[in-house]
1. Out of the residues in segment 9-59 meeting the condition of being over 15 Å from the mean Cα position of the chain (by Cα) and within 13 Å of E75 (Cα to Cα), tell me which one is surrounded by the fewest Cβ atoms within 10 Å (Cβ to Cβ).
2. Being part of a helix (DSSP H, G or I) and either under 24 Å from E33 (Cα atoms) or touching a Pro at 6+ places or on another chain (Cβ under 8 Å) (or both) is the filter here, so list the residues in segment 71-103 that pass it.
3. Among the residues in segment 27-34, are any under 18 Å from D8 (Cβ atoms) and either of a type in the set (A, V, I, L, M, F, W, C) or part of a helix (DSSP H, G or I) (or both)?
4. Take the conditions surrounded by fewer than 18 Cβ atoms within 10 Å (Cβ to Cβ) and charged (D, E, K, R) and apply them to K67. Does it pass?
5. What are the pairs with Cβ atoms under 7 angstrom where one residue, in segment 1-24, is more than 19 Å from G57 (Cβ to Cβ) and at pLDDT 90 or above and the other, located anywhere, is surrounded by 16 or more Cβ atoms within 10 Å (Cβ to Cβ) and charged (D, E, K, R)? Sequence gap at least six, or different chains.
Amino acid sequence: MGLCPETDAFWEQLTGLQFLTTLLRFTGYDEAECRHRAENALHQVELLDAKDRKVGGYSKGMRQRVKLAQAIAHEPEVLLLDEPVSGMDPVNRRRVIDLVRNLGREGRTSSSPATSSTRSRP
């Protein structure tokens, strides 16, 4: 299961990449796999160019996207999304909705009050 909560709970001093790799280490992946998965997830939410910036300096929309990246980095079967597009500009909002739809087409179930029109089931 992947969780993207509404509220933030970051280690502000970590970069986006460090944040994801640290959380992935908790799930048991080795260092190389953590980096690969983290960079892939950051790419999916279009934050790869900001991977070396501290999360504490991210905008609200970037913070939302890094939360989504951590929710999908381990390729969960189920995603729980709570207001995942809150604070995003229209372009990134559309990208995230499309990403969630595509994940649903891949057979992952997603549930989110904010994106209920994107709800997918395998």
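1. T27
2. A71, I72, V96, L99, V100, N102, L103
3. Checked segment 27-34: no residue is under 18 Å from D8 (Cβ atoms) and either of a type in the set (A, V, I, L, M, F, W, C) or part of a helix (DSSP H, G or I) (or both).
4. No; evaluated as a whole, the condition is false for this residue.
5. L24/R37
The values are calculated or read from the model by the stated rules, or taken from the named source; none is laboratory data. Everything numeric in this text was worked out from a predicted model, so none of it was measured. Positions of Cβ are generated from backbone atoms using ideal geometry, with glycine treated the same way; all protein chains shown enter the neighbour counts.
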